[in-house]
Amino acid sequence: MIEINNLTTNRRVDEEFLKKVAQKALIGENKEKLDLSIVLVGQTRIRKLNKKYRQNYRATDVLSFTYDDSGEVIICLQEIKKNAKKFKSATELPLAEARRKKSAKPSSSFEKELSLVLIHGILHLLGYDHEKSEKAAKEMEEKEDYYLSQLEIRN
């Protein structure tokens, strides 16, 4: 089951689209039975969570938490919006794409950036860790690219 909780007051998101993105990744990883909670938050809340669980007091775009047979992906919509706008024409790259260095293309839309970050968060739930090694980062990047390519995203 995929549950979405939008705790923001100023941004509406297509929940069916988010569920479709999550399902692509979960089915692709043979984890479609995993209970997943997707929580959409603002910068203040994600900053507090990042400080509490990662000892880093700054806003980030995504945090992932694994429980027994479930997981939670917390996404900051303001950070996604900022990244989508910032990287639309810039040479810098957003979170997940920054790790790609050579092959990355800048994000061109809020929807694409949101999809990429959700996939990234789900892969973390499933044990992928781009910080472990270069090989692990490449594997995670390839999976992100694959699942992102399976979606119909408006630019």
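Tabulated results
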quantity: Residue tally, condition basic (K, R), under 22 Å from E152 (Cα atoms) and at pLDDT below 90, over the stretch 10-54; calculated: 2
quantity: Selection from the stretch 30-43 of residues that are closer than 27 Å to N56 by Cβ, not aliphatic (A, V, I, L, M) and not in a strand (DSSP E or B); calculated: G42, Q43
quantity: Leading residue by the ranking (nearest to T8 (Cα to Cα)) among those in the stretch 44-73 that are aliphatic (A, V, I, L, M) and part of a helix (DSSP H, G or I); calculated: I46
quantity: Unmet requirement for Y57, which otherwise passes all of (1) at pLDDT below 90; (2) more than 21 Å from S115 (Cα to Cα); (3) surrounded by 13 or more Cβ atoms within 10 Å (Cβ to Cβ); calculated: (3)
quantity: Tally, over the stretch 54-75, of residues that are of a type in the set (K, R) and in contact with a helix residue (DSSP H, G or I) (Cβ under 7 Å, 6 or more places away or on another chain); calculated: 1
quantity: Some residue of the stretch 113-127 being of a type in the set (G, A, S), at pLDDT 85 or above and either surrounded by 17 or more Cβ atoms within 10 Å (Cβ to Cβ) or more than 23 Å from D35 (Cβ to Cβ) (or both); calculated: yes
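The values are calculated or read from the model by the stated rules, or taken from the named source; none is laboratory data. It should be emphasised that the depicted structure is a prediction, and the values quoted were computed from it without experimental measurement. Neighbour counts run over all protein chains shown; Cβ positions are idealised from the backbone, glycine included.
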